[in-house]
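Comments concern the structure below.
The values are calculated or read from the model by the stated rules, or taken from the named source; none is laboratory data. As the structure is a computational prediction, the values presented were derived from the model and not from experiment. In this analysis, Cβ positions are derived from the backbone assuming ideal geometry, glycine residues included, and neighbour counts consider all displayed protein chains. All accessible areas refer to the heavy atoms of the entire protein, side chains included, with ligands and DNA or RNA removed. Shrake-Rupley method; radii C 1.70, N 1.55, O 1.52, S 1.80 Å.
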Amino acid sequence: MATLICPEHPSPVADAEALRKACQGWGTDEKAIISILGRRNAIQRKLIRQAYEDMYQEDLVKRLESELSGDFEKAIYRWTLDPEDRDVVLLNVAIKQLPILDYRVIVEISCIRSHEELLAIKRAYQIRYKHSVEEDLAQHATGDIRQALSVYRYNGEEINARLASSEAEILHRVISEKAYNHEETIRIITTRSKVQILATLNHFKDDYGTSITKHLRDDSSHEYLSALRTAIQCICDHHKYYEKVVRCALNKPGTDKDSLTRVIITSAEKDLKEIKELFQKRNSRPLEHAVGKDTSGDYKAFLLTLLGKED
Amino acid sequence: MAASDELGALTRAFSGFGVDEKALISILGKWHQEQRQTFRKGTRDFFTEDERQFERWDDRHVIQLQHEFLRFKHAIVLWTMHPWERDARLLKEALHKGPQHKVLVEVACTRLSDELLGARKAYHSLFDHSIEEDVAFGIHGPERKLLVALVSSYRYEGTKVNEEIAKSEAKFLSSAIKGAAGNKNLLENEEVVRIVATRSKPHLTSVYNHYKEITGHYLDEDLDGELYLQETVQCLCKPQKYFSKVLDASMGPDVDELKKEAVTRIIVTRADVDMKLIKEEYNHKYGVSLPNKIEDVANGNYRDFLLTLVARGD
């Protein structure tokens, strides 16, 4: 469930005017920006952008980019974009990251987004950059991560139990031989449907006693392994996965703001509530509390607003 | 008609692609027992002398005849299908019938991005699997990675091309091909697969042209002998050349059934796309018009149907 609190029928024109006022003159009224944009859903934000463009012949997003700075600017920028454009930007940044691309973001998006969302993302990427995301990914990555965004998994409910059992056996063999970049592991995790993979992993647990991710923990310096582990976690329980990302981001000295922003912005209109509940259960304190402690200023105020803080 | 003419006509009605229904009706329908027996005794190809003194249909020929009678039905059904279902079924057949992995290349590389995506969706509905998992699971040779990549592609369809990158990729291909000469390890070269599986068609056409400028040769000709890579490049850069080539090979003498099916497949799937260009290319390459060739080798309803499809857009 969403944590975003938004009014039923806000006026895009009034919002655009208020945002214009917030950006004019010396300094910027960040509180006004947060209280408007932080309380509008994707459709409402799109209408505001259109109204702003009509009224002032300027792209609101570009204006905000120039007025704001730091983590707050990054968060507002990504929040205000259309959801598929946001993922396009996240993917582009992840692919072009140096020295190595950010596997986590790529795998996250490829495993958690629905078919329709992924298609919208691919098309939006082509419009924005005039080539496909697959080309960019293939050019900047090596090995099988290149295929991460390409496979169009079967999304039905049919499972082949015999296949699940035999593929669990294959995975077990691969793990005991520590041959993690074995072609078969990649084939199974990247091409099988999510329900089939879940069935296979359940077989694994039943037949061999532990969940597969425990076995994949050993060689954490190997990016390939970490990408595989991420894929499995995202496929099995992406709420649990997101909770972990947020928890690690907050625990990290200095706080990994990129990851924190990414999770909160992407989930605020979808399932941030479930992630909050998991966080509370796991850490015995509310997520708002942890975010409040580890962040500051306008960035903090914005995140707390998205998390559902009442005014 | 004189008896020998009739024999000839009947033999012809049973040979080639499809059957000549009218000839069969008009000749066989009026022949009485002795005439039919003369026919059986006279055509050693179709009938053999059984040890118990009767002329029996040659089993292989009966099976072939079944294919020929069904050829028209198959073409009609394929033509009427939604293109997504059609391609999904063609992909499935390519994996199991034969197998004919080259057809995977053909479908994956000659369809538009959204058409291929539609075929992949239809595949889910029809077979409860993704084409990607079936290709990855069912193919074990060095071509596996290329084929999985090709069926998973969603190429940029715009016209913008980065000429610098196209040029450097052409250079790269040139040295990769020189270096591979004979070892056949081009298929497993990640960069080669990356280029052909992800780049847009306009980009690859530019790569093809730069390659010619750099080396003086055509990329697909230099890939001669490279299983799948030659077809991939041809389908992406010179589809009409590829289709003409396959059509001509399929209409040759003594061609097996799998190859013969290519005729229906290509004509049905390209009738609304680039049949005019394929005809031009065919004529240019083989010196005979495609409709004339079809007239020559095909019979009856099947022939008429093909000719109608081939004439579309004229």
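The listed residues are B:226, B:191, B:231, and the only one of them that is over 18 Å from the mean Cα position of the chain (by Cα), in contact (Cβ under 8 Å) with a residue 40 or more places away in the chain and assigned by TED's automatic domain parsing to the domain that holds residue B:170 turns out to be B:226.
Looking at B:276, B:285, B:293, B:260, which is the one that is part of a helix (DSSP H, G or I), in contact (Cβ under 8 Å) with a residue 12 or more places away in the chain, out of contact with any helix residue (DSSP H, G or I) (no Cβ under 8 Å at 6 or more places or on another chain) and open to solvent by 10 Å² or more (accessible area, probe 1.4 Å)? Testing whether each residue is part of a helix (DSSP H, G or I), in contact (Cβ under 8 Å) with a residue 12 or more places away in the chain, out of contact with any helix residue (DSSP H, G or I) (no Cβ under 8 Å at 6 or more places or on another chain) and open to solvent by 10 Å² or more (accessible area, probe 1.4 Å) leaves just B:276.
Return a yes/no flag: does region A:55-66 have any residue that is without any contact (Cβ under 8 Å) to a residue 24 or more places away in the chain and among the hydrophobic types (A, V, I, L, M, F, W, C). For region A:55-66, residues without any contact (Cβ under 8 Å) to a residue 24 or more places away in the chain and among the hydrophobic types (A, V, I, L, M, F, W, C): present.
Screening A:241, A:224, A:299 for residues that are under 30 Å from residue A:30 (Cβ atoms) and assigned to a helix (DSSP H, G or I) leaves exactly one candidate, A:299. Residue under question is residue B:206, and the condition is that it be in contact with a Phe, Trp or Tyr (Cβ under 7 Å, 6 or more places away or on another chain) and within 14 Å of another protein chain (Cβ to nearest Cβ); does it hold? Criteria not met by residue B:206. Out of everything in region B:120-141 that is more than 10 Å from chain A (Cβ to nearest Cβ) and part of a helix (DSSP H, G or I), what residue ends up being surrounded by the most Cβ atoms within 10 Å (Cβ to Cβ)? Residue satisfying both the conditions and the ranking: B:122. Just one residue in the set B:115, B:93, B:85 is within 14 Å of chain A (Cβ to nearest Cβ) and in a helix (DSSP H, G or I); that residue is B:115. Filtering region B:224-252 to residues that are part of a helix (DSSP H, G or I) and either in contact with a strand residue (DSSP E or B) (Cβ under 6 Å, 6 or more places away or on another chain) or within 16 Å of residue B:263 (Cα to Cα) (or both) leaves B:239, B:240, B:241, B:242, B:243, B:244, B:245, B:246, B:247, B:248, B:249, B:250.
Output the residues belonging to region B:6-58 that are among the hydrophobic types (A, V, I, L, M, F, W, C), over 24 Å from residue B:264 (Cβ atoms) and either open to solvent by 40 Å² or more (accessible area, probe 1.4 Å) or modelled with pLDDT of 90 or more (or both). Answer for region B:6-58, where residues must be among the hydrophobic types (A, V, I, L, M, F, W, C), over 24 Å from residue B:264 (Cβ atoms) and either open to solvent by 40 Å² or more (accessible area, probe 1.4 Å) or modelled with pLDDT of 90 or more (or both): B:7, B:27, B:28, B:31, B:47, B:54, B:57.
For region A:102-111, the candidate set comprises residues that are closer than 18 Å to residue A:191 by Cα and open to solvent by less than 30 Å² (accessible area, probe 1.4 Å); within that set, the residue that is farthest from the other protein chains (Cβ to nearest Cβ) is A:108. From (1) at pLDDT below 95; (2) closer than 26 Å to residue B:217 by Cβ; (3) in a loop (DSSP other than H, G, I, E, B), pick out the condition that doesn't hold for residue B:145. Among (1) at pLDDT below 95; (2) closer than 26 Å to residue B:217 by Cβ; (3) in a loop (DSSP other than H, G, I, E, B), the lone unmet condition for residue B:145 is (3). Can you spot a residue in region B:72-87 that is closer than 21 Å to residue A:160 by Cβ and open to solvent by 10 Å² or more (accessible area, probe 1.4 Å)? No, that holds for no residue.
For region A:171-190, how many residues meet the condition of being closer than 17 Å to residue B:134 by Cα and open to solvent by 30 Å² or more (accessible area, probe 1.4 Å)? Selection size over region A:171-190: 3. So for region A:266-279 (the condition being on the phi < 0 side of the Ramachandran plot, in contact (Cβ under 8 Å) with a residue 12 or more places away in the chain and of a type in the set (S, T, N, Q)), does at least one residue qualify? Yes, some residue in region A:266-279 is on the phi < 0 side of the Ramachandran plot, in contact (Cβ under 8 Å) with a residue 12 or more places away in the chain and of a type in the set (S, T, N, Q).
For region B:149-200, filtered to residues that are crowded, with 18+ Cβ neighbours inside 10 Å and of a type in the set (D, E, K, R), the residue that is farthest from the other protein chains (Cβ to nearest Cβ) is B:169. So, of the residues in region A:177-199 that are part of a helix (DSSP H, G or I) and over 24 Å from residue B:193 (Cα atoms), which turns out to be nearest to the other protein chains (Cβ to nearest Cβ)? Once the filter is applied, the top-ranked residue is A:196.
Taking first residues from region B:197-217 that are basic (Lys, Arg) and partners that are surrounded by fewer than 21 Cβ atoms within 10 Å (Cβ to Cβ), the Cβ contacts under 7 Å between residues at least 6 apart in sequence or on separate chains come to B:212/B:218. Residue check: residue A:43 meets all listed conditions (1) open to solvent by 50 Å² or more (accessible area, probe 1.4 Å); (2) under 15 Å from residue A:301 (Cα atoms) but one, namely (2).
Residue-by-condition table, conditions (1) buried (at least 21 other Cβ atoms within 10 Å of the Cβ); (2) not acidic (Asp, Glu):
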residue: A:126; (1), (2): yes, yes
residue: A:129; (1), (2): no, yes
residue: A:134; (1), (2): yes, no
residue: A:146; (1), (2): yes, yes
residue: A:154; (1), (2): yes, yes
residue: A:159; (1), (2): no, yes
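Close contacts from region B:154-171, counting a first residue that is more than 23 Å from residue A:149 (Cβ to Cβ) and in the same structural domain as residue B:213 (by TED's automatic domain parsing) and a second that is of a type in the set (A, V, I, L, M, F, W, C) and part of a loop (DSSP other than H, G, I, E, B), with Cβ to Cβ under 9 Å and a gap of 6+ residues or different chains, come to none at all. Being modelled with pLDDT under 90 and over 15 Å from residue B:7 (Cβ atoms): is that true of residue B:61 here? In short, yes. All conditions in (1) within 12 Å of chain A (Cβ to nearest Cβ); (2) not in a helix (DSSP H, G or I) hold for residue B:99, with the sole exception of (1).
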